[in-house]
Amino acid sequence: MRIFERMRDMEHEQLVFCYDEVSGLRAIVAIHDTTLGPALGGTRMWNYDSEEDAIEDALRLSRGMTYKSSAMGLNLGGGKAVIIGDSRKDKTEELWRAYGRFIQSLGGRYITAEDVGTTPDDMAFVSAETDYVAGLLHKSGDPSPITAYGTYRGIKASLEYLTGSTDLAGRTIAVQGIGSVGYVLCEYLHEEGAHLLVSDLYEDVLNRAVEEFGAEIVDPDRIHACECDVFSPCALGAVINDVTLPELGCRIVAGAANNQLAEDSLAQGLRDRGILYAPDFVINGGGVINVAHEFHPGGYNRELALRQVDRIGDYLKQIFTTSDQEDIPTRVAADRMAEARIERIAKVHRIRV
Ligand code: NAD
């Protein structure tokens, strides 16, 4: 991998490698763009097949955070960290504290929080060593439930745009990944009478979804192909790719997972197939809004955070409308919206204070 070329192509500012022999920590922090403010984004713990995969994930996820924070109207830049390891086996207090010391060494250029494979308990250990961690239990807490709420609002807005109705009763929704976000999303959808198809890698998680929501289990390799109103990716990225695109059985793709498109060009493929795509970094912005409210001068206020998350449906409708008016993919419309705000604020920042 030609790291600097990749950073140039994706417009990154900084990539930091953190290693600690004692705890076995192997972490990569990617800071994409700090025009709007310090880079904020969660820490993902995952058993990557290779170090290159981990670097690529950090680069792609951090860029997504720049666009997400801009689209949500936040004064934050984009960053993300990945830790190479098995989140069910490799977590120790010393690993999190070593990681926290590296975060502190960045002096606030990067603020971390939870992501796939990490929890508020992990962040509590990190906070023993750094001020630059959010999503703590005594503050805004785990962002996952609010991400799920924003995703639920986004699914309803997408349905409304396509069908004129937000009604979920009798709709079939395929949820891929019943983790921290996917599970709470299922709760919202089930409460309003949606029929749920679910897939996950863990049987215990699936059994719970069957018991609590009457969900139907689907093979993880086939969930994208199920006939349904909405396919909701809530696991990992790249789920829309050259193989899955022609097989999609839905009218709408609207889920919480980051980087759902393996390649940006697939956004046009979705449009060509007449599938409405709710851009991931817009529909899943609830979590970052919630975390950002920890830095509110008046302190964290859940009601204010939720009020801001309620706007996600309006952002999506604006993006869908632009996409149809200009005949461009929804993802391109969303990118332009986020980039335009960064450009406007960069011009304001030329004024020295
Ligand atoms: P999580 O680790 O709690 O859950 C992910 C779930 O997906 C796990 O249960 C895992 O077993 C399952 N999974 C993994 N690969 C799968 C596959 N191929 N098929 C089916 N299931 C699979 O993570 P989470 O916090 O729920 O996050 C889910 C997604 O949402 C991630 O892409 C994350 O980046 C994104 N996201 C999360 C938040 C948040 O607040 N947690 C915010 C924004 C975006």
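Of all residues in segment 158-198, those satisfying the criterion of being assigned to a helix (DSSP H, G or I) and open to solvent by 10 Å² or more (accessible area, probe 1.4 Å) are Glu160, Tyr161, Leu162, Thr163, Ser180, Val181, Tyr183, Val184, Glu187, Tyr188, His190, Glu191. Can you spot a residue in segment 135-148 that is outside the structural domain of Tyr277 (by TED's automatic domain parsing), in contact with a Ser or Thr (Cβ under 7 Å, 6 or more places away or on another chain) and more than 9 Å from the ligand (Cβ to nearest atom)? Within segment 135-148 (the criterion being outside the structural domain of Tyr277 (by TED's automatic domain parsing), in contact with a Ser or Thr (Cβ under 7 Å, 6 or more places away or on another chain) and more than 9 Å from the ligand (Cβ to nearest atom)), the answer is yes, since at least one residue qualifies. Within segment 79-113, the set of residues being in contact with a Gly (Cβ under 6 Å, 6 or more places away or on another chain) and not aromatic (Phe, Trp, Tyr) comprises Gly79, Lys80, Ser87, Ala113. Consider Pro279 carefully, then state whether it is closer than 19 Å to Arg331 by Cα, within 13 Å of the ligand (Cβ to nearest atom) and out of contact with any Gly (no Cβ under 8 Å at 6 or more places or on another chain). The answer is yes for Pro279. For segment 215-227, the criterion of being in contact (Cβ under 8 Å) with a residue 40 or more places away in the chain, away from the ligand (no atom under 13 Å from the Cβ) and touching a Ser or Thr at 6+ places or on another chain (Cβ under 6 Å) is met by none of the residues. Taking segment 228-275 as the range and being within 10 Å of the ligand (Cβ to nearest atom), touching a helix residue (DSSP H, G or I) at 6+ places or on another chain (Cβ under 6 Å) and aliphatic (A, V, I, L, M) as the test, only Ala256 passes. Tell me which residues, restricted to segment 303-353, are open to solvent by 30 Å² or more (accessible area, probe 1.4 Å) and among the β-branched types (Val, Ile, Thr). Result: Thr321, Thr322, Val332, Ile345, Val348, Ile351, Val353.
The values are calculated or read from the model by the stated rules, or taken from the named source; none is laboratory data. These numbers come from a predicted model, not from an experiment. A quick note on method: Cβ atoms are made from the backbone with ideal geometry, for glycine too, and the neighbour counts reach across all protein chains shown. Side chains included, ligands, DNA and RNA excluded: accessible areas come from the protein's heavy atoms. Shrake-Rupley method; radii C 1.70, N 1.55, O 1.52, S 1.80 Å.
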